[in-house]
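K.L.:
The structure under discussion is supplied below as structure tokens; questions concerning it will follow.
The values are calculated or read from the model by the stated rules, or taken from the named source; none is laboratory data. No experiment lies behind these values; they were computed from the predicted model shown. Glycine gets a Cβ as well: all are built from the backbone with ideal geometry, and neighbour counts include every protein chain shown.
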Amino acid sequence: MTHNTLFVCQYQGEDDVVVINVKSILSVVAMVPFPFVVGGRYNQFFMIEQIGLDTVEIDDPEAQTDDH
């Protein structure tokens, strides 16, 4: 429905959780509660890439502007 711009899914339980080696992680995403009902299903989550990246830029002391 969103042409692969929004990924929404349901948690499948602990049986589908997989432990991986930390050295094999290439990127990190967050699965955030989805506030809408899709296909009559509640309790779904959507993926956010680069969550908090804007906060890192704000807190960067090297990124001070002239008016500070």
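K.L.:
Which of the residues spanning the stretch 39-48 are within 17 Å of the chain's Cα centre (by Cα) and exposed (fewer than 10 other Cβ atoms within 10 Å of the Cβ)?
P.N.:
ASN43
K.L.:
Can you tell me which condition PHE36 does not meet? The list is (1) at pLDDT below 85; (2) exposed (fewer than 10 other Cβ atoms within 10 Å of the Cβ); (3) not aliphatic (A, V, I, L, M), and all the others hold.
P.N.:
(1)
K.L.:
Among residues belonging to the stretch 1-33 that are in a strand (DSSP E or B) and not β-branched (Val, Ile, Thr), point out the one that is surrounded by the fewest Cβ atoms within 10 Å (Cβ to Cβ).
P.N.:
Looking at residues that are in a strand (DSSP E or B) and not β-branched (Val, Ile, Thr), I get PRO33.
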